[in-house]
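Engineer: What follows is a structure written as structure tokens; I'll ask about it next.
The numbers here are math on the coordinates, done by the rules we state, and not lab data. On a predicted model such as this, the values are computed, not experimentally measured, just so you know. Counting neighbours? That spans all protein chains shown, and the Cβs are built from the backbone with ideal geometry, glycine included.
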Amino acid sequence: MKPSTPCPATPMPDQALLGALSPVLDPGSPAAFNESARALADAEITPYLAHWERQGSVPRSLFEAMGRAGVFGIGVPVEHGGLGLDLAHGISFVRAVMREPAAGVCTSLSVLTHLVAPLLSRHGTPGQRERWLRPVLAGRCVASVALTEPGGGSDLVRSVATTARPEPDGWLLQGEKTFITNAPLADVLLVLARTTPGTSALGLTLFLVPADLPGIVVTPLATAGLRASPTGRVSFEDCRLPREAVLGRPGLAMVLLAGILPEERLAIAAGALACARWALERTAHMLGASDQAMPELAWWDAEIEAAETFVDAAAERIGGPQDQLDAALAKTTGARLAQRVVQECARLSGPGAYRDDEPVPAMSSALRDVRVLSVYGGSCETVRDTAAAEILRGALTPAQGPPTTSQAAPTAP
Ligand SMILES: Cc1cc2nc3c(=O)[nH]c(=O)nc-3n(C[C@H](O)[C@H](O)[C@H](O)COP(=O)(O)OP(=O)(O)OC[C@H]3O[C@@H](n4cnc5c(N)ncnc54)[C@H](O)[C@@H]3O)c2cc1C
């Protein structure tokens with residue numbers, strides 16, 4: 001569980017000083033981008049990681065630093081204030097952050113980089129972009145995506161019980177969301193609510209909801225993994241929203257989500273695999289080249305490499321007819337492989353891997369974190385079943401060509 005107080009023994013580098021000197025992302029070339037992303041993670045994340053893990057949350061100043069560096073605009077077109085880069089760059093950033101197993105930090109940042117900023121850019125009105133996208137990109141506005149409810153997150157169409165009732169001057173929001181990343185720090189929540197009674201996928205709408213609206217209560221949740229990522233439950237009681245709170249069009253939330261969640265799933269897969277790679281390299285270093293476990297480690301290395309290659313190929317063809325299936329396969333295989341590799345590396349590392357009181361309890365936090373990576377973004381089993389159904393459908397109807405997954409149901413981040 002998250003401890004509620006910071007560990008006073010953790011020495012904190014001078015954040016203000018480092019912030020002033022901090023690198024920014026260099027969009028010049030893939031190599032320059034990668035180098036700048038690593039430099040940024042080294043300066044702004046790695047020194048504070050253990051402290052944030054113990055504290056149970058990243059600070060707001062992290063979002064400001066990442067905003068200054070351009071992180072939230074990686075996938076946002078230049079004309080909307082972003083860097084105008086493709087998903088490969090977003091994934092490269094995730095890998096840079098995950099060179100240390102910073103899965104909690106990565107999760108909190110990814111909500112903005114891979115979900116909120118692109119959604120606002122693609123579907124926001126000029127007014128919404130001005131009010132929300134600009135401050136999100138600058139790191140002045142922390143955002144959450146609130147889809148999951150106490151009744152579930154994988155099958156959103158069936159589980160969303162939060163309602164937004166049309167009123168003469170807007171909407172009345174009522175309901176509860178849970179396991180919402182960044183909620184305790186959030187300035188704005190992207191909330192999924194049912195606007196048409198029944199169970200139609202076209203009866204759900206996304207709303208931009210300022211977190212300080214009367215009727216909103218955020219309760220922090222302590223989580224066993226991703227400790228640096230603040231998580232919360234959010235309730236909405238008679239929350240009055242203006243008409244312009246709708247993102248996109250009423251009823252089209254699942255269409256908007258289907259367009260973005262594959263990108264997030266690929267980022268989760270990349271993060272999980274980076275965590276596995278970190279564990280592997282740490283274990284190999286610890287055991288030494290002559291250890292009898294080396295052939296096993298070499299084989300896991302090859303498996304990680306293959307899974308990473310699939311993620312990269314999927315990122316390159318994102319937006320095509322295969323992207324839902326690609327993302328489901330990458331997420332399921334990547335998260336599961338990472339879980340297995342980290343667990344095995346912990347076993348080979350001996351009892352020290354399970355200690356939680358080292359200055360940086362890295363292997364123990366990697367163990368906790370990889371487990372969660374197979375739950376959020378849609379649990380591996382539900383995502384696997386969706387992918388399997390699509391593959392079988394394609395195999396059973398060869399006359400209709402290769403399988404596509406345009407109907408695959410999106411699940412919560
Ligand atoms: C740390 C954390 C952060 C999160 N952040 C967010 C967020 O920011 N916003 C948001 O909206 N949501 C968030 N979530 C919620 C998350 O997206 C959902 O919990 C996830 O999609 C799983 O949904 P579910 O709870 O419906 O579980 P289910 O998919 O119903 O799964 C429950 C269990 O049943 C198992 N299961 C399901 N189907 C099968 C099957 N066919 N065979 C075998 N086993 C099966 C699963 O493996 C799982 O163990 C977060 C969750 C966590 C843990």
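Engineer: Just want the answer: with Cβ charges of +1 for Lys and Arg and -1 for Asp and Glu, which residue in LEU297, VAL255, ALA274 is farthest toward the dipole's positive end in the stretch 253-400?
Structural biologist: Of the options given, the answer is VAL255.
Engineer: Amide H of SER379: which non-local residues (sequence gap of 5 or more, or other chain) have their own amide H closer than 5 Å, using H built in the peptide plane?
Structural biologist: The answer is none.
Engineer: Another one. Could you give each residue of the stretch 373-388 its phi-based ³J(HN,Hα) in whole Hz, using Karplus coefficients 6.51, -1.76, 1.60 with θ = phi - 60°, and x for Gly or Pro?
Structural biologist: Here the 3J(HN,Hα) series is 4, 8, 9, 6, x, x, 4, 3, 5, 5, 5, 4, 5, 4, 5, 4 Hz.
Engineer: Take the stretch 38-98, drop everything but the C-alpha atoms, weight them equally and run the Debye formula without solvent; then report log10 I(q)/I(0) at 0.19 Å⁻¹ to two decimals.
Structural biologist: -0.75
Engineer: What is the dipole size for the stretch 253-400, taken about its Cα centre, with +1 at each Lys and Arg Cβ and -1 at each Asp and Glu Cβ, in debye to the nearest 20?
Structural biologist: So the magnitude is around 340 debye.
Engineer: Only Cα pairs within less than 10 Å get springs; with that Gaussian network setup on the chain, which residue of THR113, THR199, THR386 has the largest fluctuation?
Structural biologist: Sorting by GNM fluctuation, first place goes to THR199.
Engineer: Amide H to amide H under 5 Å from SER374: which residues, 5+ apart in sequence or cross-chain, H placed 1.01 Å off N in plane?
Structural biologist: none
Engineer: Hey, another quick one. Could you run the Karplus curve 6.51 cos²θ - 1.76 cosθ + 1.60 with θ = phi - 60° over the stretch 242-253 and give me ³J(HN,Hα) per residue in whole Hz, x for Gly and Pro?
Structural biologist: Taking θ as phi minus 60°, the curve returns x, 4, 6, 6, 5, 9, x, 10, x, x, 9, 4 Hz for the stretch 242-253.
Engineer: Could I ask something else about it? Using only alpha-carbon positions, what ratio does the radius of gyration of the chain give when scaled by 2.2 N^0.38 Å?
Structural biologist: In units of the 2.2 N^0.38 Å rule of thumb, it is 0.96.
Engineer: Rounded to whole Hz and in sequence order, give me ³J(HN,Hα) for the stretch 111-122 from the Karplus expression 6.51 cos²θ - 1.76 cosθ + 1.60, θ = phi - 60°, writing x for Gly and Pro.
Structural biologist: Taking θ as phi minus 60°, the curve returns 4, 7, 5, 9, 10, 5, 4, x, 5, 5, 5, 7 Hz for the stretch 111-122.
Engineer: Same structure, new question: Residues with amide H under 5 Å of THR181's amide H, sequence separation 5 or more or different chain, H placed in the peptide plane at 1.01 Å from N; which?
Structural biologist: Placed amide hydrogens put VAL145, GLY232 under 5 Å from THR181.
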